[in-house]
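Right, one structure below, let's go through it.
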Amino acid sequence: LNQSSRLIKTRLAPTPSGYLHVGNAYNFLLIWLHARLNNGRIRLRIDDIDAPRVRAPFLKDIFDTLEWLGIDWDEGPFTMVEQQMYSQHQRIERYMEVLNTLINQDLLFACICSRSLLRRFGPNGTYKGTCKQQQIAWSHHPASWRCDTDSFAEIKLLDHTGSESLYSLPSDMAYAILKRKDGLPAYQLCSLVDDIDFGINYIVRGSDLLSSSIFQMGLSNQMGPNLFKEIHFFHHPLILDASGKKLSKSKGSAPLWQLRQQRGGREMLIASFSRWLQLPEKVTSTKELLALASACSY
Ligand SMILES: [Zn+2]
């Protein structure tokens, strides 16, 4: 694993809209290792903006999982009660402030397309920007607010070693929604604003979120002095089940709460994580992971 001379600040950013699975555990362990090997700081940020899908047992599952894995963090909520204080819903005003700035910068437009219309426009979920020319009023309800991505140029991302790659905006991020039809700010906006406001400079996420990273960087480039541009990204390969399916989409993979109830479940999980990292020895505790991971080339 890479050792950096920069002062790293990263975040664990689970979403309490389902029970965590093995893929989430690998992601948490990887974040924790990157931070701890670099004397970095970790913020726990629970992405609970999607209120209709958030459930208390899922929130509890996050805290139980982190404790069970032996992962510690430095800031953010340490208990479920504290999470109320740190909830993204406490920051709605801030997100709205950013949305208003984007309106003033002519970077948003309102979209009133229905779900079925969207499906007809783009079978692959790609929206063509149909509502942009219509200048639909901001007061229109219900309407989603989309980002006008037409002006996005090539987007530069730094990887964990600090080397640059250039991307154009992936088609699934064209005109991304920043405010949802139900009035809530969308994930793409909240995640970016939180990372900027909390001084995150190192993001470890699955490669399925590469297009989010590219979009968020593209958006921050438009927003003015880019507070996001020094951020380094580590996009790790996805953890697949035996049939090659993504774990979050897979029916066969056991949720972590089941593994927590098994005798030796944690040791088994950490051993499989260490195999995934291609560590030379079989490791069964987070302490041993930390001792060995610096030698790992992954
Ligand atoms: Zn539309």
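Read-outs throughout are calculated quantities, based only on the coordinates presented, and are distinct from any laboratory measurement. Remember, it's a predicted structure, so these values are computed and weren't measured experimentally. With ideal geometry, Cβ positions are generated from the backbone for all residues, glycine too; neighbour counts draw on all protein chains shown.
Quick look at the numbers
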item: DSSP beta bridges in the chain [antiparallel fraction, %, rounded to 5]; result: 50
item: Between 0 and 90°, nearest 10: helix 22-37 axis offset from the chain longest Cα axis; result: 80
item: Residue with peak Gaussian network fluctuation, the chain [Cα springs, cutoff 10 Å], from T65, T286, T79; result: T79
item: Amide H partners (placed H, <5 Å) of L108, local residues excluded; result: D148
item: Mean Cβ count within 10 Å, highest first, over the residues of peptides 258-268, 216-226; result: 216-226, 258-268
item: For segment 223-238, 3J(HN,Hα) per residue [Karplus equation, 6.51 cos²θ - 1.76 cosθ + 1.60, θ = phi - 60°, Hz, x = Gly/Pro]; result: 6, x, x, 7, 7, 10, 6, 8, 6, 9, 10, 10, 9, 8, x, 6
item: Whole-Hz ³J(HN,Hα) from phi, Karplus 6.51 cos²θ - 1.76 cosθ + 1.60, for segment 112-120, glycine and proline x; result: 10, 5, 7, 4, 6, 5, 4, 4, 5
item: Ordering of 143-155, 93-105 by packing [mean C-beta count within 10 Å, highest first]; result: 143-155, 93-105
item: From phi via Karplus (6.51, -1.76, 1.60), per-residue ³J(HN,Hα) for segment 197-205 in Hz, x at Gly/Pro; result: 5, 9, x, 6, 10, 8, 10, 10, 8
item: Structure-based [θ]222 nm, the chain - -39500 (n - 2.57) summed over DSSP H runs of at least 4, per residue, nearest 500; result: -10500 deg cm²/dmol
item: Mean Cα-pair separation over length for segment 137-240, i.e. relative contact order, pairs under 8 Å, 6 or more apart, %; result: 32
item: Potential lengthening between S139 and K181 on full extension [0.36 nm per residue; Cα-Cα distance subtracted]; result: 13.9 nm
item: Base-10 log of normalised Debye intensity for the chain (one unit scatterer per alpha-carbon) at q = 0.07, 0.09, 0.14 Å⁻¹; result: -0.29, -0.48, -1.14
item: Simple label model, 7 Å out from Cα along Cβ direction - V81 to L290, nm; result: 2.8
item: Calculated FRET efficiency for the pair H89/A56, C-beta based, R₀ 25 Å, to 0.05; result: 0.95
item: Among the listed pairs K132/K179; K128/K179; K9/K282; K132/K181; K9/K229, those beyond 20 Å (Cα-Cα); result: K9/K282
item: Relative contact order (percent, whole number), the chain, Cα cutoff 8 Å, 6+ residue spacing; result: 21
item: Charge context of R11, other residues only, Cβ under 12 angstrom, K/R +1, D/E -1; result: -1
item: For L178, distant residues with modelled amide H under 5 Å away; result: W145, R146, C147
item: Segment 256-274 residues near the modelled K282 label - backbone nitrogen below 19 Å, point 7 Å along Cα→Cβ; result: 262-274
item: Amide H partners (placed H, <5 Å) of F234, local residues excluded; result: I203, V204, R205
